[in-house]
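First comes the structure, then the notes that go with it.
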Amino acid sequence: MLTVYIADDEEVVRNGLKKIINWQELGFEICGEAGNGLTAYNEIREKKPDLILLDIRMPKLQGLDLAYQLREEGITGRIIILSGYSEFKYAQDAIKCDVDFYLTKPIDEEELLAAVEHIRSIVQKKKLHNEHLNYYQEKAKYKILEDMIHEERLNLASINYSLGELNLEADFYQVLLLHGNTSYKHLCQKLNVPLETNQIERLKKDDQDVLLLKGELIIRRLQQIAQEENSSSNQHYFIAVGGVVSGINDIYYSYHEALAVMERYFFFDNYTCIATKDDLPTGNQFTEKLTIKDSKKFGQNIYDEIKMHHLKESILLIQNLHQQLTYAKNSAESIKSFLAGMYLYILNEFKKDYPHYNEEVLTNAEIIQWIHERSYLQEIIEFIEKKVHTMIECITTNQSENIIDEITEYIERHYAQDIKLKSLAPKFGYNSSYLGKIFSKQSGKSFNDYLHYIRTQKAKELLEKNEYKVYEVAEIVGYKNVDYFHLKFKSFVGVTPNEYRSTL
């Protein structure tokens, strides 16, 4: 539907113009009207109608002056001047303003109809021509963009359009690749540009969104966003960025830099938003490929720590593996297979040793599928860490009460010896730090306090028999330093050994 705007200072004339011909049948829609030239000027600039009916004499701005200003500003809508004057001079002035028709009032219906039909024909032909031109220009632009990312040197002489005509001319260019979880709309919102911006060209390559930023302004804006959001932990999108180039033929290199970054997508942490070649490992950082044998070996090492209840050591092994995998020459898919094999080895060994373990609800096939569907290496590593933590927690919870009973019984039998938690813990399959925590939690005393308490109780029994001297009692219950024995005895009993014996 074409649009028409009516400007006349007489309301009765405007209403008459609306009804004198059937605008809708002619394919026009009245998009606005005004009673003075200034209002008409502002609204026509905003609405850009296809056809404008202008009264030659209007308050604030005359019709011909209005027509002249519109043409000066590049408004291309066709114009019909309506005038109560038939003087040749007015018609001459109208021609200078590129007015299509000069109709005198009162307006003749057939004359107006003929003028509108003629203008409609011209506008429609021009629109059709422009649509065809735009279509072929867009096709040419798309083909050129494809050639730019495929060919190291582009033969610009073979292009029928100039870069300016295709809106490809810029001082700087930069290629971006959007990962599947990142939408073009989201990027435009971040860059604060409309979806149809002329600062970005967009094409598809193997189902991948390839974007070409044009101009220093938008490239600088992307750099600002990268600095702001790569340090934020609540962003979840990924853009691979090529280098900034100044020549049209260098777009090829920017694209291939972005492609190299995207190929390493799996190895970035899931909070990296915008990555460049500076974020990639250098050649000498890469290590040899890991194999299926390595998968089992890593699984065995981690499981050995699990059986010893060594959570810290288990997690450290997994984190070191994460680092090694990041720089391994394996593909993302082979690393997923590596980790699936390693985790299933740990899980199956654990289930053999602890048949009552029923936390795992996925089948082996579902675990493999889940791992292969992950986008990031970090996700899989965190999954394995969580599962290892659960395994250690499970066996520790089931065994801790029995272990504490065994340790207290051991202290009862060996209190006179030089007992230390650090040397005792491995005998029970624990590290000393963790065993000390669960001992305190279960018994209500620290390991050392419990040992001193037992020694004090045994010392009281010996003092009550009155068969040994105080220093001999100290040695019998495990104290080499009699002064230290006095100190500990008084802290538990409230009096010294001699004072305790004197009260008997």
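The values are calculated or read from the model by the stated rules, or taken from the named source; none is laboratory data. Just so we're clear, the structure is a prediction, and the values are computed from it rather than from any experiment. So basically every Cβ, Gly included, is an ideal-geometry build from the backbone, and we count neighbours across all protein chains shown.
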Practice problem: For segment 277-310, name all the residues that are touching a strand residue (DSSP E or B) at 6+ places or on another chain (Cβ under 8 Å) and loosely packed, with under 14 Cβ neighbours inside 10 Å. | Solution: Phe286, Glu288, Lys289
Practice problem: Determine, yes or no, whether Glu333 is modelled with pLDDT under 95, of a type in the set (Asp, Glu) and surrounded by fewer than 16 Cβ atoms within 10 Å (Cβ to Cβ). | Solution: yes
Exercise. Test Glu216 against the stated conditions and say whether it is among the acidic types (Asp, Glu) and within 15 Å of the chain's Cα centre (by Cα).
Key: no
Self-check item: Residue ranges of helices (runs of 4 or more DSSP H) in segment 413-468 with at least 3 members in contact (Cβ under 8 Å) with a residue 12 or more places away in the chain, surrounded by 15 or more Cβ atoms within 10 Å (Cβ to Cβ) and under 57 Å from the mean Cα position of the chain (by Cα)
Solution: 432-443, 447-465
Quiz item: Taking segment 176-232 only, how many residues are charged (D, E, K, R), under 24 Å from Ser375 (Cα atoms) and part of a helix (DSSP H, G or I)?
Solution: 4
Exercise. Specify the residue that is farthest from Ile381 (Cα to Cα); the eligible residues are those in segment 257-271 that are out of contact with any Phe, Trp or Tyr (no Cβ under 7 Å at 6 or more places or on another chain) and in a helix (DSSP H, G or I).
Key: Glu257
